[in-house]
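The values are calculated or read from the model by the stated rules, or taken from the named source; none is laboratory data. Here the structure is a predicted model, which is why all the values come from computation and not from measurement. Cβ coordinates were reconstructed from backbone atoms using ideal geometry, including for glycine residues, and neighbour counts include every protein chain displayed.
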Amino acid sequence: MVDGIDYVQYILNNLKDQDLMARPDLDRVLSHYVEQCGLLFDRWGFPRTAGRIWAWLHVCDPPEQTAGQLVDALHVSKGSVSTNTRLLEGMGLVERVGIPDSRQSHYRIRPGGLESMMRQRIVGTAEIRQLAEGALAALEAAEPERGQRLRAKRDFYAFWERELGKVLVRWQEERGAAPADD
């Protein structure tokens, strides 16, 4: 028979062993997620490391990471972390925060960052539509038959300008208008 203290230690040891057995699978899944997000960012024309940092900050523990922790977790240089966290901050996806009793900056996912990025996209869509409208007005005055492609571009961006705004409103209503931790 095992006494109470030995039994607790036995349970704790088994939990640790089970956690160690489960952890490699979790690590492999998270590593795959991080790498795939990096490749996706690369296909979108952004640095692969920016995608990896953004993905890692969604799954890491603790949720706030120093540059050194990002270097260690992602096996990238300090310079790459610095460059890409600045890019992600500029995109509104990541924010730099202070942590009590730490002199280092920490990075985390910016709450509401995806909504902010979508609002920026809506503004960019409106800008492209306005540029197309300006050029189309001049082109149609001179050679109306040449405006077909530009009209199609203007109409496409006008459609998405209207619809993206509606989708964002629906998203906010669904989420209860509170910014998500995205």
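Here Gly92, Gly98 are screened, and the one residue that is modelled with pLDDT under 95 and at positive phi is Gly92.
Residue-by-condition table, conditions (1) over 24 Å from Pro62 (Cβ atoms); (2) surrounded by 12 or more Cβ atoms within 10 Å (Cβ to Cβ); (3) not aliphatic (A, V, I, L, M):
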site	(1), (2), (3)
Leu93	no, yes, no
Arg103	no, no, yes
Met118	yes, yes, no
Leu131	yes, yes, no
Leu136	yes, yes, no
Pro144	yes, no, yes
Ala152	yes, no, no
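Residues that are under 30 Å from Ser31 (Cα atoms), in a helix (DSSP H, G or I), within 22 Å of the chain's Cα centre (by Cα) and assigned by TED's automatic domain parsing to the domain that holds Val34 do not occur anywhere in the range 97-109.
One residue stands out among those in the range 51-87 that are outside any helix (DSSP H, G or I) and without any contact (Cβ under 8 Å) to a residue 40 or more places away in the chain: the one that is surrounded by the most Cβ atoms within 10 Å (Cβ to Cβ), which is Cys60.
Scanning the range 94-122 for residues that are of a type outside the set (Lys, Arg), closer than 19 Å to Gly45 by Cβ and without any contact (Cβ under 8 Å) to a residue 60 or more places away in the chain yields Val94, Met117, Met118, Gln120. For the range 144-182, the set of residues classified as at pLDDT below 85 and farther than 30 Å from Pro111 by Cα consists of Pro144, Glu145, listed by residue number. Of all residues in the range 38-50, those satisfying the criterion of being of a type in the set (Phe, Trp, Tyr) and not in a helix (DSSP H, G or I) are Trp44, Phe46.
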